[in-house]
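The values are calculated or read from the model by the stated rules, or taken from the named source; none is laboratory data. Source: prediction; values computed, not measured. Cβ: placed from backbone, ideal geometry, glycine included. Neighbour counts: every protein chain shown. Areas reflect the complete protein model, heavy atoms only, side chains present, ligands, DNA and RNA absent. Shrake-Rupley method; radii C 1.70, N 1.55, O 1.52, S 1.80 Å.
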Amino acid sequence: MIQPKISVVTVCYNAVNDIEKTILSVINQTYPNIEYLIIDGGSTDGTMDIVNKYKDKIDVIVSEPDKGIYDAMNKGIDRATGEWINFMNAGDYFYKKNCINDIFNKSIDANIAMVIGDSALFLDGKYYQIKCKPFYERLPLHQEMGFTHQSSFVRSNLAKHIKFNLKYKYAADYNMVIELYRMGYDFYNTNNLIAVSYTHLRAHET
């Protein structure tokens, strides 16, 4: 089986205290075919000093002003060459070293637009798993995805076609998944714990 290239995009801005753990969680993945992109918003706090420390393990580095997080993520989409894209923001990280390998060591059906899974919160030395509650299982559609973009992978060709709509300042990611759902694509819930994410609470509001 040919293992598809996975593009991991990290967007950041003045994240000097958080960026390194995110970088390490990506470059230490056991999966052999990862493309790593860091899209920085023009940080002035030393973030880029840390990024450049690992530049030999990062495929694309961009540091320039942007119009916000979704604009930065679109820049990552534009530059990604993998078959799937994951957005692992600064401060968030993969739960374990073989997260990507556990998912993509087998073929994914062609009609699957997104591979999704659980996220977690780390408190007092313990991980608290937050189960994925995908929006399509809670019809009529709610206002939340039920999972985070950190704990999901979207097909690159579809992401490039749809992009994040910048008119949605806080919910462009949800808009993307709704577009995919309405286009008739399927979602594959792995039930795997994929990402430790500080933004998981908003994705799981009911």
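Would you mind finding the one in 158, 180, 166 that is open to solvent by 10 Å² or more (accessible area, probe 1.4 Å) and touching a Lys or Arg at 6+ places or on another chain (Cβ under 9 Å)? Steps first, answer last, please.
Details: 158 fails: touching a Lys or Arg at 6+ places or on another chain (Cβ under 9 Å); 180 fails: open to solvent by 10 Å² or more (accessible area, probe 1.4 Å).
Answer to the check: 166.
Can you tell me which of (1) under 22 Å from residue 104 (Cβ atoms); (2) modelled with pLDDT under 95 is the one residue 159 doesn't meet?
(2)
List the pairs whose first member sits in segment 148-160 and is small (Gly, Ala, Ser), whose second member is part of a helix (DSSP H, G or I) and open to solvent by less than 10 Å² (accessible area, probe 1.4 Å), and whose Cβ atoms are under 7 Å apart, counting only residues at least 6 apart or on separate chains?
Sorted first by the residue in segment 148-160, then by its partner, the pairs are 159/77.
Return the residues of segment 115-145 that are open to solvent by 10 Å² or more (accessible area, probe 1.4 Å) and either among the charged types (D, E, K, R) or closer than 15 Å to residue 190 by Cβ (or both); say none if nothing qualifies. Spell out the reasoning first.
If we filter segment 115-145 for residues that are open to solvent by 10 Å² or more (accessible area, probe 1.4 Å), which is where we start, we get 121-133, 136-145.
Once the filter is applied, which keeps residues that are open to solvent by 10 Å² or more (accessible area, probe 1.4 Å) and either among the charged types (D, E, K, R) or closer than 15 Å to residue 190 by Cβ (or both), segment 115-145 yields 124, 126, 129, 130, 131, 132, 133, 137, 138, 144.
Only residues that are among the aromatic types (Phe, Trp, Tyr) and assigned to a helix (DSSP H, G or I): list them for segment 140-187, please.
Our first condition is that a residue be among the aromatic types (Phe, Trp, Tyr); within segment 140-187, this holds for 147, 153, 164, 168, 170, 174, 181, 185, 187.
The answer is 174, 181.
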